[in-house]
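Structure first, then comments.
The values are calculated or read from the model by the stated rules, or taken from the named source; none is laboratory data. These figures come from a predicted structure and were not determined experimentally. Methodologically, a virtual Cβ is constructed for each residue, glycine included, from the backbone with ideal geometry; neighbour enumeration extends over all protein chains shown.
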Amino acid sequence: MRVILTGAGAAGGFIVYALGGCDVVLRALLLFMAIDYSTGFVVAGVFKKSKKCGSGALSSSAGFKGLIKKGMQLLIVLVGHQIDIVLGTDFVRSAVIIAFIANELVSIMENAGLMGIPWPPMLKKALDILHEKGDIENDG
């Protein structure tokens, strides 16, 4: 058991190192990803209103695709970090993460709307500003 935990810890440490360290922006992204995935699960499992499949219910295929997309986002963060290393900068990774955080926020708000929860006006205004500045698209 100790060997498994040590291996998992080493793998996790390497992944965090490769992503540029566990700072505030990465923790925020991981938290938003978890909230988005969880709320999407609730929308499909409880409310049966998912836009990811025809029936609106849970779909293992849709869930797997969501996880793959989130994994790809983390790979893009890794690429941004490597670009920072090559250029000797420290902003590409953060910009990539902030863009993904904005995208996760949009998805979380959409999931809340599908649950019948009204969006707070302040968040709605922030979302409108993000749309104007960055043409945010959300595929889940």
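So that you can scan it fast, the table gives a plain yes or no per residue for (1) closer than 20 Å to V24 by Cβ; (2) out of contact with any Leu (no Cβ under 7 Å at 6 or more places or on another chain):
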{"position": "K51", "(1), (2)": "no, yes"}
{"position": "S60", "(1), (2)": "no, yes"}
{"position": "K65", "(1), (2)": "no, yes"}
{"position": "G71", "(1), (2)": "no, yes"}
{"position": "V77", "(1), (2)": "yes, no"}
{"position": "T89", "(1), (2)": "yes, yes"}
{"position": "V92", "(1), (2)": "yes, yes"}
{"position": "V106", "(1), (2)": "no, no"}
{"position": "M115", "(1), (2)": "no, yes"}
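When you check L105 against the structure, is it among the aliphatic types (A, V, I, L, M), crowded, with 18+ Cβ neighbours inside 10 Å, in contact with a helix residue (DSSP H, G or I) (Cβ under 9 Å, 6 or more places away or on another chain) and not in a loop (DSSP other than H, G, I, E, B), yes or no? Considered against the rule, which asks whether it is among the aliphatic types (A, V, I, L, M), crowded, with 18+ Cβ neighbours inside 10 Å, in contact with a helix residue (DSSP H, G or I) (Cβ under 9 Å, 6 or more places away or on another chain) and not in a loop (DSSP other than H, G, I, E, B), L105 comes out as yes. Considering segment 1-15, the residues that are loosely packed, with under 10 Cβ neighbours inside 10 Å and hydrophobic (A, V, I, L, M, F, W, C) include one that is modelled with the lowest pLDDT, namely M1.
Would you confirm whether or not segment 33-42 contains a residue that is among the small types (G, A, S), part of a helix (DSSP H, G or I) and crowded, with 16+ Cβ neighbours inside 10 Å?
First pass over segment 33-42, keeping only residues among the small types (G, A, S): 34, 38, 40.
From what is left, the residues that are part of a helix (DSSP H, G or I) are 34, 38, 40.
From what is left, the residues that are crowded, with 16+ Cβ neighbours inside 10 Å are 40.
Yes, because at least one residue in segment 33-42 is among the small types (G, A, S), part of a helix (DSSP H, G or I) and crowded, with 16+ Cβ neighbours inside 10 Å.
Restricting the first member to segment 81-102 and to residues that are over 17 Å from I15 (Cα atoms) and at pLDDT below 95, and the second to residues that are of a type in the set (F, W, Y) and surrounded by 12 or more Cβ atoms within 10 Å (Cβ to Cβ), the beta-carbon pairs closer than 7 Å and six or more apart or on different chains are I101/F32.
Which residue is surrounded by the most Cβ atoms within 10 Å (Cβ to Cβ), if the candidates are limited to segment 17-32 and must be without any contact (Cβ under 8 Å) to a residue 12 or more places away in the chain and within 20 Å of V106 (Cβ to Cβ)? If you could, list the steps in order and put the result at the bottom.
So the first thing to find is which residues in segment 17-32 are without any contact (Cβ under 8 Å) to a residue 12 or more places away in the chain, and the list is 17, 21-24, 27, 30-31.
In the following step, the residues that additionally are within 20 Å of V106 (Cβ to Cβ) were identified as 27, 30-31.
Values: R27: 11, L30: 17, L31: 12.
Only one residue tops the list, namely L30.
So, A18, is that one more than 20 Å from the chain's Cα centre (by Cα), within 21 Å of Q73 (Cα to Cα) and modelled with pLDDT under 95 or not? It is false that A18 is more than 20 Å from the chain's Cα centre (by Cα), within 21 Å of Q73 (Cα to Cα) and modelled with pLDDT under 95.
Across segment 60-95, the number of residues qualifying as surrounded by 16 or more Cβ atoms within 10 Å (Cβ to Cβ) and not in a helix (DSSP H, G or I) comes to 0.
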